[in-house]
Amino acid sequence: SAALEALDTLRSDGFAILAGEIGHRRARPAVNAFRYAGFCLRLPLSRLDELPSRGIAWNARGLVSFHDRDHGARDGSPLLPWIRDLLAREGIAADGEVVLHTMPRMLGYAFNPVSFWVAHDRGGAIRAVLAQVSNTFGERHDYLIAHRDGRPIASGEALEARKVFHVSPFCEVKGRYVFRFGFGPGRWLARIDYFDDDGAAPLIETWISGGAEPLSRSAVRSLAWRYRWFTLMVVARIHWQALRLWFKRVPFFTKPAPPETALTR
């Protein structure tokens, strides 16, 4: 069938548009929840030079574009050597493909609250995920999610990291994140639950999910039409939700100094 043929293409190709939803649910002191249609790209870093043939401008202007300077060291340097060096410094044995899940620039504008770098070994097992988090103050922090003993990460497995980076003025910088991922050629899920130490249940649940579509010129043209204002709307929605929390009298916390180190594990 056409669906099976598309899945075979995704399994062998690696590139994909992951179209689905972004969701967020806060439990206290006031309930606040939302979900909206969203997407990201799945990009094998060893093959970024194929992007122009697939309809995405690479380090150049375009309706849909991908710029190296929006990721990694953010200085325009190649991304694959950057993530390989980071993983080597942390003792992660991931010598296979590294696949970046992120949003491109739409109409020249990009803002990624979080991007995920999925690092495989040569056998295809996933050894680490780097969650690169950005806030609206222009700051960024990296959370490296991996098992201490080096074993692979399985779909649905829970891994934790201390919260050290300020994202929202309605949350203190304390507690921990619990990450869960759903890996597969046909679907992507990243779930982040935030526990603030004041309760057994998470204060905030966040998820990004999407079904995979082959990344082609025709698909990118459709993407440019369906989501042309998407990255601008991400920032607008962040501020709208902040206003809703303010009206609900959720406590406001002043932004602290950023963490001294760029990476938390």
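Annotations for the structure displayed:
- Extended-chain gain in nm, criterion 0.36 nm per residue less alpha-carbon gap, residue 36 and residue 95: 17.7 nm
- Carbon/sulfur fraction of accessible area - the chain, other protein chains in place, 1.4 Å, %: 56
- Approximate spin-label separation residue 174-residue 60, in nm, with each point projected 7 Å along Cα-to-Cβ: 5.2
- In this simple spin-label model, placing a label point 7 Å from the Cα along the Cα-to-Cβ direction at both residue 238 and residue 218 gives a separation of 3.6 nm.
- Relative contact order of the chain: 21 percent, from C-alpha pairs under 8 Å at least 6 residues apart in sequence.
- Accessible surface ranking for 149, 70, 1.4 angstrom probe, highest first: 149, 70.
- Per residue, the convex hull spanned by the Cα atoms of the chain amounts to 132 cubic angstrom.
- For segment 1-137, taking the reciprocal of the average inverse distance between every pair of different Cα atoms yields a Kirkwood hydrodynamic radius of 16.6 Å.
- Gained length - residue 158 relative to residue 262, 0.36 nm times residue gap less alpha-carbon distance: 35.2 nm
- Using a cutoff of 8 angstrom between alpha carbon atoms and counting only pairs six or more residues apart, the relative contact order for segment 100-191 works out to 17 percent.
- Rounded if a/c under 1.5, otherwise prolate or oblate - segment 204-246, Cα gyration tensor axes: oblate
The values are calculated or read from the model by the stated rules, or taken from the named source; none is laboratory data. These numbers come from a predicted model, not from an experiment. A quick note on method: Cβ atoms are made from the backbone with ideal geometry, for glycine too, and the neighbour counts reach across all protein chains shown. Note: areas computed on protein heavy atoms with side chains; ligands, DNA, RNA excluded. Shrake-Rupley method; radii C 1.70, N 1.55, O 1.52, S 1.80 Å.
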